[in-house]
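The values are calculated or read from the model by the stated rules, or taken from the named source; none is laboratory data. These numbers come from a predicted model, not from an experiment. Note that we place each Cβ from the backbone using ideal geometry, even for glycine, and neighbour counts take in every protein chain shown. For accessibility, only protein heavy atoms count, side chains too; no ligands or nucleic acids. Shrake-Rupley method; radii C 1.70, N 1.55, O 1.52, S 1.80 Å.
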Amino acid sequence: MTTAGLDPVIHPVKRLAAMSILANSHSVEYSYLRERLEISDSDLSKQMKALVDAGYVQTRKTGIGRGGSTIFAITALGRTAYTTYLDRLRGLLGGR
Amino acid sequence: MESDSRPEASTAAELRERAAVINRSTLAPHTDGSGVSWWAVVAASALNTVLAWLLFLIVRDEVLWLLWVLLLVPLAAPLGWSFASRLVRRRYGVAPVQNNQPRELQRFQTRAVILSAPLELGILALVIFAPIWVALPATFVASSVVFGLIWRAYERTARRIGASAG
């Protein structure tokens, strides 16, 4: 059994968790994602940048300054990549 | 032989870990966050009541007020819901209507908010010509009942979706 064929952008645990949340959401606030993943600001920024750079996630800013917030949403490309990842993972795990 | 099987076992464990991550991330928010307490419903109703009666104090005319309420209630319902969900988020760490909400729940919430307007308006219309000392608590109770019914339906839907996803 190998991990070949699984998207390397999604495969890391933190990014996979983020994609799972985003795939089931309309949009997700930065602070919510940080709490759910239980990671630091810098780590979350790094993980989300990788997903944004791959075109899987888009960001939107609301408000200004301290009251502002960053909102993440999955893109059509991201949803396709996530679904493909799930299918391949199920296949590797024997259809479970 | 043993050294050959180790990487395979480690990869299998890695894949099972990924499957567990997906399950946790997909199911947890709308199963542990939907247990909303009644105080949030009461808070949303209180907000609705205050808005409705502030308008009454401004307008001072029942018929005109009814026209205002026609505009207010569709606005107040999502406002009240949003206010309550913020309270819930502070208490439970999860905002059921804002984050990680399955699309089915989003559609349900939209329908619920739209439905709450005519329901609430219907109850308000019954008490609109009553004296204020009757109409004020009646408005609050009507608002609470409507929000309470919607929220219970929301919880049932969330549990059903959580159960079917699990």
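What are the pairs, 6+ residues apart or on separate chains, where a residue within the range A:77-96 that is more than 9 Å from chain B (Cβ to nearest Cβ) has its Cβ under 9 Å from a residue that is open to solvent by 50 Å² or more (accessible area, probe 1.4 Å)?
Cβ pairs passing all conditions: A:G78/A:Q58.
Being at pLDDT below 95 and either in a loop (DSSP other than H, G, I, E, B) or within 13 Å of chain B (Cβ to nearest Cβ) (or both) is the filter here; which residues of the range A:55-66 pass it?
Those that are at pLDDT below 95 and either in a loop (DSSP other than H, G, I, E, B) or within 13 Å of chain B (Cβ to nearest Cβ) (or both): A:T62, A:G63, A:I64.
Could we say that A:Y30 is of a type outside the set (S, T, N, Q), modelled with pLDDT of 80 or more and under 11 Å from the mean Cα position of the chain (by Cα) here?
Spelling it out, it is not the case that A:Y30 is of a type outside the set (S, T, N, Q), modelled with pLDDT of 80 or more and under 11 Å from the mean Cα position of the chain (by Cα).
Could you list all residues from the range A:12-31 that are more than 7 Å from chain B (Cβ to nearest Cβ) and not small (G, A, S)?
Correct list: A:P12, A:K14, A:R15, A:M19, A:L22, A:Y30.
Give the range A:69-96 a look and list any residue that's open to solvent by less than 30 Å² (accessible area, probe 1.4 Å), over 11 Å from A:D7 (Cα atoms) and either of a type in the set (A, V, I, L, M) or modelled with pLDDT under 90 (or both), or say none.
Listed by number, the residues that qualify are A:T70, A:I71, A:F72, A:A73, A:I74, A:L93.
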